[in-house]
Amino acid sequence: MEKPRVLYWFRTDLRLHDSPALKAALDLDPAVLWPIFTWDPHYVYRSKVGVNRWQYLLDCQNDLSDSIKKLNPKSKLFVVREAPQTVLLKLFWAWKVTHLVFERDTDTYARERDRVVVESARKAGVEVVTRYGRTLWDIDDVVAKHGGKPTMSITQLQAAGNKVGAIPKPIPSPKHLPDPGEMPVDFEHDRPDTERDLNAPLRSKTDKTYNSVAGPKGDFAIETLEELGFSAATTPHRGGETIALEKLAQIIADQEYTATFQKPKTNPTAFEPQATTLLSPLLHFGALSPRLFYWRVQEVVEKYGKNASHPPESLTGQLLFRDMYFAAQAAIGSPFPQALNNAHVRFIPWHLPSKVDDGTETGTNAISGEYHIDSPQAEKWFQRWKFGVTGFPFVDALMRQLRVEGWIHHLGRHMVACFLTRGGCYVHWERGADVFEELLIDHEVACNAGNWQWLSCTAFYSQYYRCYSPVAFGQKWDKNGDFIRKWVPELKDMDAKFIYEPWKASKSALDKAGVKIEGDGLGGGMEQGTSTYPGPMFDFGERRSACIAAMKTAYSIGLHGNDERVRNSTWKEL
Ligand code: FAD
């Protein structure tokens with residue numbers, strides 16, 4: 001019998017170490033193996049991927065490709081420039097593929113995409129092999145052990161995980177990779193059977209775009225930012241498996257940090273270095289295996305003894321949160337990242353601001369007219385939040401760090417998410433999640449939506465009366481305001497006494513610092529070096545009380561996203 005011809009489809013696993021799917025592919029003892037990555041228009045057009053996350057993806061792809069070449073100079077990561085739903089069936093025929101192997105992905109879009117691909121593999125007689133590898137446990141098993149319900153707390157996740165069994169130990173990287181086979185892209189010519197229609201336009205040899213599936217040079221090259229139409233990324237954070245393993249080794253080498261890590265005690269204003277691991281984007285792209293991370297930490301914890309920290313605050317506890325959100329998403333499916341139709345998310349009639357310039361007023365605060373503000377006002381607050389010109393220096397510093405670096409500390413995310421939603425602006429959490437989706441280098445659908453639900457007290461957490469103060473919370477960590485001085489250079493010379501509340505400074509203190517409090521910041525207030533800084537966009541104390549009262553009313557009414565009145569929009573009449 002002829003040996004298998006394996007197409008290995010890299011997606012959420014841009015690494016060679018601890019990859020159960022790659023191991024399964026190699027266990028087939030293939031005659032040839034093509035390591036491919038397919039472009040996916042969903043992530044480009046549906047998702048809002050900013051330049052920093054693109055750069056991070058390219059870093060991971062390039063590093064993986066180099067590692068593949070080291071194992072077999074004839075191979076590399078071959079980037080196929082077409083959507084998997086249409087291109088894979090063509091490759092099955094043209095390359096005479098016998099097996100397709102990939103790591104399972106439980107994101108809603110990915111499940112549907114993979115269903116289409118598996119169906120086309122079935123049509124082409126290609127055997128599909130999948131393994132889980134993106135999380136600590138197999139997320140589908142976790143959901144099954146939790147009775148098909150979403151895990152809405154860490155204890156639920158732990159209980160379900162324990163029923164699934166021990167978290168698997170990492171497996172070693174391969175020592176060798178097979179050669180790739182021939183890679184013709186003359187699909188029309190090679191297509192063996194017109195009955196097996198692909199439902200997609202095929203390219204002919206005379207067509208100028210004939211080779212575009214393999215890139216302009218026909219060599220399946222990894223795309224560049226320039227080709228994608230981006231200018232340079234601004235993030236200093238770089239991706240790739242090599243960096244991931246180095247960073248993990250450095251963290252583990254500091255046994256005390258690793259063993260005693262307590263998330264609530266890590267400083268959100270720390271920079272160079274930051275207080276937490278910054279492994280999240282590496283986990284997102286699969287450049288780092290979560291199980292390798294887990295077990296390396298666990299070994300240190302076990303040696304450290306009784307003074308080691310425990311979940312949920314410990315480092316392994318952080319990975320449990322990640323699995324919790326993945327399992328919640330897997331159980332809820334497509335309504336997970338939204339309020340509408342989501343039975344597990346409280347419905348709060350936030351301001352649903354329309355764009356200021358189109359003039360329409362959508363969304364009023366129907367529950368409590370008392371706290372009503374017109375929606376163009378809320379939209380303006382949203383824009384000022386998004387661009388880091390709220391006039392609250394701590395919020396602005398965080399939002400500017402996010403825009404430039406693509407990452408902010410977890411408690412910084414708490415601060416800005418609470419401020420936008422239930423602790424300040426009363427703007428819908430989905431608007432904030434959209435901004436994070438564009439700007440984060442670690443954007444993960446499950447973790448982003450889940451954490452926004454947590455912070456807006458619409459799911460996972462309900463203590464809406466506990467709000468983050470943009471003044472006191474920052475001061476707790478950074479009295480001198482060094483973090484603000486770095487990210488809001490307009491205030492770099494401000495007396496520490498006023499750096500969190502520059503509007504309270506006397507004229508002489510402002511003059512001394514060379515600062516003018518003026519405008520709303522939207523007309524270019526973000527320009528570096530300017531000495532003009534906006535005044536606060538509202539009285540925080542007043543807004544906090546207003547939001548808490550509105551949340552209290554909304555909680556007492558108790559609507560959820562799947563409530564009939566929400567789906568029919570009759571909640572507006574409540
Ligand atoms: P560490 O503290 O070093 O934790 C180690 C790892 O555990 C992280 O790399 C991450 O994979 C995981 N982790 C830690 N905290 C959480 C958490 N609360 N939820 C899920 N996983 C966690 N995380 C993302 O990975 N992608 C997102 O899109 C995302 N969006 C968020 C949005 C909001 C509003 C908030 C409040 C949090 C969000 N988080 C998200 C969770 C968390 O902030 C980041 O995972 C963490 O800050 C990443 O930094 P780190 O790697 O240094 O974390």
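List of remarks:
- Any hit, the stretch 257-275, residues being open to solvent by 40 Å² or more (accessible area, probe 1.4 Å), under 20 Å from the mean Cα position of the chain (by Cα), polar (S, T, N, Q) and within 11 Å of the ligand (Cβ to nearest atom): yes
- The stretch 267-288 residues that are in a loop (DSSP other than H, G, I, E, B), paired with ones that are among the charged types (D, E, K, R) (beta carbon under 6 Å, 6 or more apart): Thr269/Asp478; Gly286/Asp13; Gly286/Arg15; Ala287/Arg15; Ala287/Glu241
- Boolean, Ala417 is more than 7 Å from the ligand (Cβ to nearest atom), assigned to a helix (DSSP H, G or I), modelled with pLDDT of 95 or more and open to solvent by less than 10 Å² (accessible area, probe 1.4 Å): no
- Considering Glu227, Glu246, the condition of being free of Cβ contacts under 8 Å to residues at least 40 places away in the same chain and more than 30 Å from Leu89 (Cβ to Cβ) is satisfied by Glu246 alone.
- Residues that are surrounded by fewer than 23 Cβ atoms within 10 Å (Cβ to Cβ) and within 15 Å of the ligand (Cβ to nearest atom) within the stretch 383-400 comprise just one, Lys386.
- Hits in the stretch 424-476 (condition: closer than 26 Å to Pro502 by Cα, in contact with a His (Cβ under 7 Å, 6 or more places away or on another chain) and of a type in the set (A, V, I, L, M)): Val427
- Residues of the stretch 17-65 that turn out to be within 14 Å of Val129 (Cβ to Cβ) and of a type in the set (A, V, I, L, M), as a count: 7
- Residue match in the stretch 307-329 (condition: of a type in the set (D, E, K, R), more than 13 Å from the ligand (Cβ to nearest atom), open to solvent by 40 Å² or more (accessible area, probe 1.4 Å) and over 30 Å from Phe37 (Cβ atoms)): no
- Asp105 vs. criteria closer than 24 Å to Lys23 by Cβ, open to solvent by less than 50 Å² (accessible area, probe 1.4 Å) and part of a loop (DSSP other than H, G, I, E, B): yes
- Cross-chain or 6+ apart pairs with Cβ under 7 Å, the stretch 16-36 first and buried (at least 19 other Cβ atoms within 10 Å of the Cβ), then of a type in the set (Lys, Arg): Asp18/Arg291; Pro20/Arg131; Ala21/Arg131; Ala24/Arg131; Pro30/Lys3; Pro30/Arg5; Val32/Arg5
- Screening the candidates Asp493, Asp442 for the property of being surrounded by fewer than 24 Cβ atoms within 10 Å (Cβ to Cβ), more than 10 Å from the ligand (Cβ to nearest atom) and either outside any helix (DSSP H, G or I) or of a type in the set (Val, Ile, Thr) (or both) yields one hit, Asp493.
- Number of positions in the stretch 137-189 that are closer than 18 Å to Pro35 by Cα and of a type in the set (D, E, K, R): 3
The values are calculated or read from the model by the stated rules, or taken from the named source; none is laboratory data. All values reported here derive from a predicted model rather than from experimental measurement. As a convention, Cβ positions derive from the backbone with ideal geometry for all residues, glycine included, and neighbour counts pool all protein chains shown. All accessible areas refer to the heavy atoms of the entire protein, side chains included, with ligands and DNA or RNA removed. Shrake-Rupley method; radii C 1.70, N 1.55, O 1.52, S 1.80 Å.
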